[in-house]
1. Could you give me the residue pairs with C-beta distances under 6 Å whose first residue belongs to segment 135-163 and is outside the structural domain of PRO517 (by TED's automatic domain parsing), whose second residue is modelled with pLDDT of 95 or more and among the hydroxyl-bearing types (Ser, Thr, Tyr) wherever it lies, and which are 6+ apart or on separate chains?
2. List, please: which pairs have Cβ atoms under 6 Å, are six or more places apart or on different chains, and start with a residue in segment 56-68 that is closer than 12 Å to PRO28 by Cα and aliphatic (A, V, I, L, M) and end with one that is at pLDDT 95 or above and part of a helix (DSSP H, G or I)?
3. Taking interchain pairs and intrachain pairs at least six residues apart, which have beta carbon atoms under 6 angstrom, with the first residue in segment 540-554 and free of Cβ contacts under 8 Å to residues at least 40 places away in the same chain and the second assigned to a helix (DSSP H, G or I)?
4. Counting just the residues of segment 338-369 that are more than 22 Å from the chain's Cα centre (by Cα) and farther than 22 Å from ALA157 by Cβ, which one comes out modelled with the lowest pLDDT?
5. Of everything in segment 527-582, what is assigned to a helix (DSSP H, G or I), surrounded by fewer than 24 Cβ atoms within 10 Å (Cβ to Cβ) and of a type in the set (Val, Ile, Thr)? Give them in sequence order.
6. Does segment 111-132 include one or more residues that are surrounded by 17 or more Cβ atoms within 10 Å (Cβ to Cβ), hydrophobic (A, V, I, L, M, F, W, C) and either in the same structural domain as VAL498 (by TED's automatic domain parsing) or at pLDDT below 95 (or both)?
7. Answer with yes or no whether ARG283 is within 28 Å of VAL240 (Cα to Cα), of a type in the set (Lys, Arg) and either surrounded by fewer than 17 Cβ atoms within 10 Å (Cβ to Cβ) or in contact (Cβ under 8 Å) with a residue 24 or more places away in the chain (or both).
8. Go through segment 1-37 and give me each residue that's at pLDDT 90 or above, in contact with an Asp or Glu (Cβ under 9 Å, 6 or more places away or on another chain), assigned to a loop (DSSP other than H, G, I, E, B) and not hydroxyl-bearing (Ser, Thr, Tyr).
Amino acid sequence: MNPFASVHAALVALLKRLERAGTIPPLPDPLPAFTVEPPREAAHGDMATNLALILAKRLGTSPRALADLLKPDIARLPGVADITIAGPGFLNLRLAPEVWREELRAILRAGTTYGDSDLGQHQRVNVEFVSANPTGPMHAGHVRGAVLGDTLCALLAKTGYDVTREYYFNDAGTQVDVLARTTHLRYREALGDDIGPIPEGLYPGDYLRDVGVALAQRDGLRWKNVDESVWLVPLRDFAVAFMMAAIRDDLRLIGIRHDVFTNERDLITNGTLETAFGILESRGLIYTGTLPPPKGKTMDDWEPVPLTLFRSSRFGDTTDRPLRKRDGTWAYIMPDIAYHYDKIHRGFRSMINVLGTDHGGYLERLRPPVAAFSDGQAQLDVIFNAIVKVFKNGEPVKLSKRSGTLVTLREMVEQVGPDAVRFFMLTRAPDSELEFDFAKVVEQTRDNPAFYVQYAHARCCSVFRHAAEAMPGEDLSPEALARHDPSPLSTEDELALVRLLAGWPRAVAAAAIAREPHRIAFYLMDLAARFHSLWTKGNSDASLRFFVPDDLALTRARLMLMKAVQVVVASGLAVMGCQPVEEMRHAPEASA
């Protein structure tokens with residue numbers, strides 16, 4: 001248990017003791033959630049808790065009065081060196097240095113499992129991400145959602161959830177018919193026909209030449225001189241299968257694999273869509289009615305038309321939603337409703353979809369049927385990620401499958417490597433636009449966060465290579481290091497680094513709860529910056545270096561610190577799907 005969790009548990013135990021002693025009124029059951037976290041300003045202490053603010057009203061007192069009451073007992077808790085009250089009743093704690101130093105042992109013993117928890121209590125979670133339609137290769141517009149989703153899955157797994165990675169694609173719309181027609185054209189080209197310019201409305205990208213060639217190799221002249229009504233369906237199926245195989249291959253380049261692939265056509269043909277509609281109808285949630293004209297628009301020619309409507313307003317929606325169009329065919333939303341019914345039918349009560357910001361209104365439309373199918377027991381969350389702007393040679397690159405202008409995932413990986421691609425996709429919050437500049441991503445400077453974090457790990461590895469040479473016979477394994485005494489670590493820079501390392505489990509839990517995997521990248525960037533700062537000071541002050549020839553105890557303590565940095569960086573990179581490197585040929589500054 002890390003220091004933040006330990007203090008939280010100690011505070012809960014203290015409250016219960018005070019309750020039994022009659023010092024405070026009976027506590028509410030369950031006890032309201034309160035936080036123990038780093039204060040906004042380091043000068044205020046090591047930890048801050050809002051305990052008094054959360055409980056005061058329940059106990060019939062003011063936050064400040066409750067804080068005054070609790071302060072003496074909290075000050076006597078093991079490891080608490082100082083406590084102050086701030087503002088309306090925040091309690092700021094400073095822990096004794098030995099509490100933080102002792103956490104190094106926990107890090108070394110746990111290794112990269114440090115930060116693991118049972119927060120999720122094995123709850124099943126379905127995370128749907130990527131979900132690009134199979135009409136082209138993975139490109140930069142898809143990569144951000146792919147990395148967000150995959151990192152979120154790793155984060156949830158680390159915190160004790162049972163995670164299923166799912167990919168859903170539309171293979172029943174007009175786009176795949178366009179794909180089939182383009183495939184037939186490229187097939188003819190592969191057979192030697194002069195097809196000329198790609199006609200308007202088809203996909204002009206060169207990537208579909210491979211589909212045409214593969215079809216020609218498999219089927220020869222079979223489809224060349226037959227009517228579209230004969231070849232449309234088999235060529236559509238062939239092209240979709242070919243493109244999905246290519247998408248899987250592309251995703252594997254950045255280490256992404258899905259557990260489940262679901263497609264719209266199967267939901268239609270296997271009766272899932274009809275079943276979902278029938279369930280809503282059996283519960284009295286379907287009726288025939290009319291809708292008002294769209295809000296904010298004046299439509300003189302508006303004529304109310306009877307539609308098949310879902311009573312989504314019963315579940316918090318702003319309006320009821322049509323499930324059939326005027327011509328009686330299914331509305332655009334119905335396959336998505338059926339898809340989420342299918343997830344609930346498979347036993348999922350927690351679902352997270354990673355989508356682009358162009359899916360505005362998706363959550364508002366889908367939460368009501370999810371609530372209806374599950375009697376309010378299932379929860380759907382959506383992470384919306386903004387666009388990625390790609391730059392090459394200082395010029396922005398537009399992304400369009402229709403125009404044939406693409407920066408593919410494969411091209412990105414080939415030029416900068418999978419780790420750099422993944423790391424950079426997490427350097428901004430999902431709803432912020434992100435610029436991916438090929439030139440900046442390969443820079444080996446402190447301005448490149450991916451490099452700087454990897455460099456921290458490589459520097460730690462270099463320390464231990466040097467230690468193995470300088471200290472022959474010394475056991476440098478984490479288990480052996482954990483048996484050494486960390487008390488020689490006494491400078492403020494060293495202790496600040498230890499405190500940051502000890503905050504890793506809390507950072508993991510907070511990122512999982514908030515569904516914000518980019519927090520892991522931010523934490524690693526902070527950790528790398530503090531580590532490199534300490535390293536740099538050793539360049540000018542020999543007493544701050546990791547090897548102090550005349551002081552074996554201090555050297556061993558600092559090796560404990562280095563190993564802990566190495567472990568936590570590796571743990572964070574693992575969550576992000578990146579491989580920690582042990583050596584880097586170029587560096588922004590000399591080693592210390």
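The values are calculated or read from the model by the stated rules, or taken from the named source; none is laboratory data. Worth saying up front: this structure is predicted, and the values here are computed from it rather than measured. Heads up, the Cβs are rebuilt from the backbone with ideal geometry, glycines too, and the neighbour counts pull from every protein chain shown.
1. Once the first residue is outside the structural domain of PRO517 (by TED's automatic domain parsing) and sits in segment 135-163, its partners that are modelled with pLDDT of 95 or more and among the hydroxyl-bearing types (Ser, Thr, Tyr) give THR159/SER117; GLY160/SER117.
2. ALA56/PRO63; ALA56/LEU66
3. Close Cβ pairs satisfying both conditions: VAL548/LEU554; VAL548/THR555.
4. Filtering segment 338-369 for residues more than 22 Å from the chain's Cα centre (by Cα) gives 338-339, 341-342, 344-347, 365, 368-369.
Right, trim to farther than 22 Å from ALA157 by Cβ and you get 338-339, 341-342, 345, 365, 368-369.
Values: ALA338: 98, TYR339: 98, TYR341: 98, ASP342: 98, HIS345: 97, ARG365: 94, PRO368: 98, PRO369: 98.
Selected residue: ARG365.
5. Across segment 527-582, the qualifying residues are THR536, THR555.
6. Yes, the conditions are met somewhere in segment 111-132.
7. On the way: within 28 Å of VAL240 (Cα to Cα): no; of a type in the set (Lys, Arg): yes; either surrounded by fewer than 17 Cβ atoms within 10 Å (Cβ to Cβ) or in contact (Cβ under 8 Å) with a residue 24 or more places away in the chain (or both): yes.
Criteria not met by ARG283.
8. Selection gives PRO25, PRO26, LEU27.
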